[in-house]
1. Using a simple spin-label model with points 7 Å from Cα along the Cα→Cβ vector, what separation in nm is obtained for K195 and E143?
2. Cut-off is 10 Å between beta-carbons; in what order do L474, L28, L220, L67 appear when sorted fewest neighbours first?
3. Between exposed chymotrypsin sites (Phe, Trp or Tyr not before Pro) in the chain, where DSSP calls loop and at most 16 other Cβ atoms lie within 10 Å, what's the longest gap?
4. Give the whole-number value, in cubic angstrom per residue, of the convex hull volume spanned by the C-alpha atoms of the range 358-407.
5. Order these by the 10 Å Cβ neighbour count, fewest first: C413, C342, C128.
6. Among A263, T64, Y87, whose Cα projects farthest towards the positive end of the dipole of the chain, with charges put on the beta-carbon of Lys, Arg (+1) and Asp, Glu (-1)?
7. Run the quick spin-label model on S153 and R168: label points 7 Å from Cα toward the beta carbon, then report their separation in nm to one decimal.
8. Contour minus end-to-end for H437 and K362, with contour as 0.36 nm per residue of separation and end-to-end as the Cα-Cα distance?
Amino acid sequence: MSSPAPTPSLTDRLLLGATRLTAKTWPLAARIPPRPPEIDDNESLWASQTPDYRPGAPLRETITADLAIIGGGFTGVSTAYHFSRRYPGKRVVLLEAKSLANGASGRNGGLMLNWLAHMPDHSPEMICRVYQITSAGIRTIREIIERHQLPVSTRSDGTLTVYTDAQRAEAAHAEAEYHQGLGIPTRYLDSAALKRQLDLQGVSGGVLDPDSGQINGAQLVRGLRPVLIEQGVAIYEGTPVLRIREGATITLTTPGGEVRAKAIVIATNGYTGALGYFRDAIFPLHSHIFATAPLTAEQRATLGWHQHAGFSDDLDRIAYSSLTNEGHIVFGGGSNQAYDYCFGNRTAYPGAPASTANLMRKIEATMHDYLPASASLPVAYRWTGTLGFTLNRNPLIGVRGEQKNVYYAIGFCGHGVTLANVAGQILTDVYSRDDEHWRGLPIYQTDYVPLPPEPFRWLGYQMYTRLTGRSPRL
Ligand SMILES: Cc1cc2nc3c(=O)[nH]c(=O)nc-3n(C[C@H](O)[C@H](O)[C@H](O)COP(=O)(O)OP(=O)(O)OC[C@H]3O[C@@H](n4cnc5c(N)ncnc54)[C@H](O)[C@@H]3O)c2cc1C
């Protein structure tokens, strides 16, 4: 799913010029104080498959820590996991506003992918490096599941990127052959070969990445809770961080107590702006998604989905889908209606799921276009998740602050299942002052193009998406 940025049109250039101009109003807008995070419940298929999970107790006292992690998704939990294994003597605290995997990590499409969403450097060295890092990340996730015998439903039989245009399919064919020459195992399938494996209408070919797969993120994150506790991590759920006061000792304020920590990790992705951090770097984008009831073997045969864990298409408003071991089709994206930005950086979609009924119908129609036999399948789950979006669609990972003790990994956009799990390894290395492996990657310690504050942010998003049918990208 890596794609170079398209050549900007006049509309792109005008609107992006306006973005840069209006971003200059930040010195005024930055005076708006942080506010408590707005976080709704996770109603996803994935969460429904952790029926025995109950959130742990909130923080009710003042405590100290060597490292305090804010956010209990892939990023926070992978950091707690890798850090506490490397530093078993240090006091690690994880603070989660609601329950582990309540955010995007427990609400996504389940595709565990290689690559970055955006590759600014297409040199053979960078292509190999990024593929090696992400495929090692997928292997690490599988090793962790194996090592701790976690009850996580996962598939390892590859995913497809499919092409809706013959010319783009040919270009993808050439690229897959080039990648093979570099030792990357992706393979091009022409439309006849693709049809035998996954019979999608309106596609001219696809690229199979056999190293990728699918995972129930809620089961992974929640399954790791007893492992983390065993490794000495103190986990407080129902504990939103309301305020961060930086210094040699950082103070985190929560409703029931304070944490005084030598270092912190911001692992709050789309919710980060509410903490007063990175408000000009990422914006919360709501992504609507659904899952069918489980398919019978007969329904699956009629549908033509014979092989592979999932697919995504080559369009800007990416349509993506996976088929779970339990037989549910999970489907999202494919149109402007599948994504929404709400004025004022709201991080819970107002009135969902009732308010999303019309939007969901449009997403369901996209699935029916690709898989006509799916039109008769009942939908069993509909939910919305909050993405943390950057303008170039790559995350920001690094360390900042006067004391260099504020670590962060945020802005994974729609491509974080693998990368947010790698983030825990990166941050543990950065803490250890051993970051050589990550230096020069376009996600580590990079600059970003600033987003404008409100009202320009909302107006810009609405104009851009309506005029171009795409989401903003720089
Ligand atoms: C609908 C949807 C589909 C997606 N599909 C895919 C896909 O198929 N493949 C893919 O690679 N990626 C996908 N993604 C993206 C991927 O899920 C995310 O990039 C990834 O889960 C980010 O993990 P995270 O831990 O950084 O953030 P999150 O999982 O959002 O975790 C952040 C956590 O921080 C907590 N929090 C927030 N504020 C506070 C606070 N003040 N105090 C304490 N806790 C706080 C939240 O409750 C939340 O649990 C999808 C995302 C969505 C929403």
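Each reported figure results from applying straightforward, stated rules to the coordinates on display, with no laboratory input. In this text the structure is predicted, and so the values were computed from the model without any measurement. Glycine also receives a Cβ, built like all others from the backbone with ideal geometry; neighbour counts cover every protein chain displayed.
1. 4.3
2. Values: L474 16, L28 9, L220 28, L67 25.
Ascending Cβ contact count within 10 Å gives the list L28, L474, L67, L220.
3. 1-342
4. 148
5. Working: C413 26, C342 18, C128 14.
Fewest-to-most Cβ neighbours within 10 Å comes out as C128, C342, C413.
6. Of the listed residues, the answer is T64.
7. Here the modelled spin labels are 3.0 nm apart.
8. 22.7 nm
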